[in-house]
1. Per-residue Cβ counts within 10 Å, from other chains only, averaged over C:228-236: what number is that?
2. GNM, chain D, Cα, under 10 Å: largest mean-square fluctuation among D:49, D:154, D:335?
3. Nearest 5 is fine: what % of DSSP beta bridges in the protein assembly as shown come out antiparallel, could you say?
4. List the relative contact order of chain A as a percent without decimals, with contacts defined as Cα pairs under 8 Å and 6+ residues apart.
5. For labels at residue A:164 and residue B:274 in the simple 7 Å Cα→Cβ model, what's the distance in nm?
6. Which of rounded, prolate or oblate describes the range D:101-165 when judged by the alpha-carbon gyration tensor and an a/c cut-off of 1.5?
7. What is the average number of partner chain Cβ atoms found within 10 Å of a Cβ in A:145-158?
8. Largest first and to the nearest Å, give the Cα extent of the range B:25-71 along each principal axis.
């Protein structure tokens, strides 16, 4: 594990729970080593989560032959080199999003890792919300018909504070602001549910003078399947603490979602029922995605559980030599999300509609 | 009254209710004449609403010296000529939105009518929803601080039917589709609550082959006050029957609204209360806008009542020689909304960010 | 019309709208006379609503042979004598709820009026909310199966003010407090949707010292159809302005409703759909109850419109000699509601489960 | 641990998470032994959760001197004897609710255990929902003023199936049905937030012929603090999967909650704000109860986490010799809940209002 803060905690928790909540587990995770820059903090994290050792030198993890999976939850600037090194050392890898600080870096990480033949996963954990996977299954089954619209926005509200000091506001450490942090999730869920975007028209925006990264991003979008919509990401929406909202409209029905109520999926079926309307589906039934691991219906799960599903998916891919795609995001997906984010930023600079073109 | 269908019914109902629900009324409306192309239907409408006569020739209304207010609820193609003629005949005028079929026509109507010195109103009725007016008052009082975001969308779902025959799908009769019908409302509420947009990046889109007008419009927007957001309008969102949603985020709080729950305003105050969150405000208190006309708190009103407020506002302006602006929309507002809509369409054609420039 | 305040306004508005919103109307209402104790106020009301004359002596209305329908919207203590006199004078009658100040008075009013053979209606207007009628139709069609539960509560919040001076707090003028004012609505909707209660266990309660009437009522209930539930009414629920909520659970599905969102019905079908949940049905479709009078789908109506439906129903019964029951409430329904309310009060006094027994 | 099914899983998960999610933990749980009747199943549970051994004889746990905490998650009939034996062997004990199968058995368990001087906790886990604890803190701080109403209901929908075979339908194994399973939670949250009930009027009800236990319970209630309300529990409410709803109305404000949206608390303050209404508070801020263990604001937690908080509370009480009460429920609370449930059942049998009297 590289990183011991927010993502280090989320991933460590998941790895520990897989051993007994997903039963029998595809592989039983053993927490070997954890790396971080602050020696004292990383040592406490090792004690806390049960890693065998802590180190302030991530290369020790790369060199440790007993390690089979390298989990990178560090800041964006530390995604590339350690992940590539770990893959070259034959370890499977999972890396937090955004994969790189821009599309170029993301592409290079993907290419370098893909060459090694290891399993790779980009940690777009919202694919592993039961309601989001159920949505994907509904779309795949054709229950919405032809898709007309996809619209999404990821709203948070902690950015309007010039005194906040975090690597997330550093251009060098983060690459971008709301774009890589939030819009990357928006475009990944867009691709997951609705396929590839063809063009974007929009921009990024920075509200606070002197801030190095963008605070918000806005775009109109056309998808290859003919659907259209808007995409938004911001850290300046008071009252929206962690609100990733999306909606799909098809010729046969609609779906809507908000991660602040992540156990619920809104489902509309144009089925001619006289009593028609959006259903609030509590996604917690025995036949719902991922629910075999949890509780009786109606006993909801939390945001942290998305990582249990995600890492379980990866361990299953490793143990049984399955593909991470299409339900999990690979480094290719990480690159593609970055390409779309970059196209939005380019559109803002050029003032023109930008094609989304993958190398 | 010109027109006897949807808008003719809505306006006639309002004119009849003003006489006793807004007490004492600024002026007591007398329903003189109603015009429409279908002689039989317009005669029935006259009997139904109590107009003294019906006619299939709108010029008769223009020539009728007993008429003081000309209310144009006809199809878009009939907005210009009759309204201008009525104004030139010295009558005050109210015209349904969109004012003209495009910005040019709207500008010409505005100019011609403004020259005559009569009162003119463009019927953007959502300004007269109590919750929308309350929002305006909250913004004007500075309670949201500096505005960071405005986002809005008007979603309907009746357009996905190639067999539907209505003037709203005719390029000649309507000018545009979702753009003039729905996006015009979106941009008017944007201007009403957040001021003038500076640039738009987006496009209009037609889903059905052979349809003459647009089915949807999508845009990213920058406002002169420095706020940014997205704008959308569509007739292809299954399950959204008449859903005009908007949200404002400021440095001190946020507001959100959906016209399907038009009696409610969502209010967030960044006031440091440990128990913070969006309030669902039932806008029906004695000290809430327009509520002096209605019922005890909690006894909600309907969509039709917005026209009561709107026409009451106009009659008050006429009776007491007040300005229709800023709480009511004038023909200038009608023109400005059209200019923004046209800029979105131009952006789609040029692929470029378009400035919103008023003549 | 007897009464010119809250109910006088609501009924007068409805009578005026029927003439053109329900087209063609079964009868065209002509507003003849309005009576009230305050001579100045009732004269203003006559001017306002267009009554031909005002009077401070209700017997003038009874004696007026040109009057065919007597509408009693006065205080509870004035329900009996004028209504009976009007019926004996051959006029059809509608009387606000509660019919009398207790079950005995209600029974006497019903009996005296029934003897005359005129049409009679007790103004339980919530039967005329489109969502409530739709619920009734769903229940009647057997779509919920066998009913297991009915629970309802009517919550308001204006009672916690000892300085308020209104006839509603007078034992003599009102008979009871929340019981007759709010619980009467609860039990009428219970009977309308779920049939007759068999037993009640509960009580009434007065919070403020010196208040003559009850502030709240609480009960557990068993229905003849085997379903059970709770019933509640209060004027002491801060934040609930006018919230009549009810829920039905059957063997095949459930319905839920809140009059603060009166255009919506919550519908659950136990149909085995993998995506199951309560639908938020916006009751505004062309094939929904009462909607032929109104607007396109999604354009909601207000609380005042329930009276349009109610009085239209009565005029239709008069014009075409139809029964007011079962969709409208008769004086028998007014009596039965009072009997149930009295049983709750008796249960509180006796401490025992009380049978609901109609004379 | 006694029991390996639903509650065994929930408690084992919590004990494992405490070691690293609540950091530093008050005590580091070591999973020693797990007992259950099905030898194969309990052995698999031991492997799954990491218990050192499995046994089909719970006395082995009692006799094991290395065990300091006995956690009883078995069926109701197995609550008494093993728990008492464990306490007498000097082990601290936690027992699932209902404590006993009726008030008498609950009282005996409490008395026997209290005599030993060990720490004891009855697992009313909903006290450990952050929103419920926040509600308690708001009430304790007097922010609601004097309480007027408490109403609650626990609705589930799995009971309407005569073919279901579970110990929960056995009178001998369970003692009661919805009463002990669901109403016990209702009355515990009632006592936690609003204090002791004085009288109940109501009944239990069984819908299915031949079912040994009650399917639902209904009651009207008076509390010692002068507030009144209704209480309900049922397994027959289609569409309500796990819906524990409660509402408090006070002289200064109101609170409302539904465990299906357990991260949200509805808060109304009668503070004279022109924009007043219920706030939807996402209880996930750094200064909210229990949140120091979790994620950034807006990243919600699940039902399973309530057990982490609960067992953390107990371990803290053990480690630091603190009282379990008042924030945690003791066996006395378990007994009191049973006494209230029994009073509801008695009321149904006697047809009379029953006093709640604790021995």
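Throughout, read-outs are computed from the coordinates displayed, never taken from laboratory work. From a predicted model like this one, the values you see are computed outputs, not experimental measurements. Note that we place each Cβ from the backbone using ideal geometry, even for glycine, and neighbour counts take in every protein chain shown.
1. Across the residues of C:228-236, the mean count of other-chain Cβ atoms within 10 Å is 6.
2. Checking each option, the largest mean-square fluctuation is seen for D:49.
3. Percent antiparallel among DSSP bridges in the protein assembly as shown is about 70.
4. It comes to 20 percent, rounded to a whole number.
5. 2.3 nm
6. Judged from the Cα gyration tensor, the range D:101-165 comes out oblate (a/c at least 1.5, b/c at or above a/b).
7. So the per-residue partner count for this stretch is 4.
8. Largest first, the range B:25-71 extends 33, 23, 14 Å along its Cα principal axes.
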